[in-house]
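Scroll down for the structure; my scribbles are underneath it.
Just so it is clear, none of the values below were taken in a lab; they were calculated from the coordinates. Everything numeric in this text was worked out from a predicted model, so none of it was measured. Because the Cβ atoms are built from the backbone with ideal geometry, glycine has one as well, and the counts that use them run over all protein chains shown.
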Amino acid sequence: MDHRVARCLLLSHVLSADGIMAAPEKAFLTRAMDALGLTDVERDRVYAMEDVEEAEAVVRGLPEATRRELVDELAAAALVDGQLSPHELTAVKGLTERLGL
């Protein structure tokens, strides 16, 4: 799996952790996918939430500085709608640990 798709999959995981992806959250994900240049096929994979566990493994293989940047982005994603649900917080904390940070 490409690291760009992996990053977006983890963002999608956090954004949908509370079972709702509000308009600001959808826009955040779209901006991330645009910035990383994801194709339509790759975007469909992100929307389908395919292979989140594989995405974690890919990101764990990235340099620590890159993983830290992603965790910052995950935290920003969790807060983008102005509310931090317990599910989103749990998702960010869990990913942070599983990414070795």
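On the basis of the beta-carbon distance and an R0 of 41 Å, Ala76 and Ala48 show a calculated FRET efficiency of 0.95.
When you restrict to C-alpha pairs under 8 Å that are six or more residues apart and normalise by the size of the chain, the relative contact order lands at 44 percent.
What the phi angles of the range 22-32 give under the Karplus curve with 6.51, -1.76 and 1.60, with θ = phi - 60°, is a coupling list of 5, 3, x, 5, 4, 5, 4, 5, 4, 4, 5 Hz, glycine and proline written as x. From its DSSP helices (H runs of at least four residues, each -39,500 (n - 2.57)), the chain gives a residue-normalised ellipticity at 222 nm of -22500 deg cm²/dmol.
Computed from the alpha carbon atoms alone, the convex hull of the chain holds 84 Å³ per residue.
Loop-resident GluC sites (Glu not before Pro) (DSSP state other than H, G, I, E or B) in the range 1-53 with no more than 11 further Cβ atoms inside 10 Å of their Cβ are absent.
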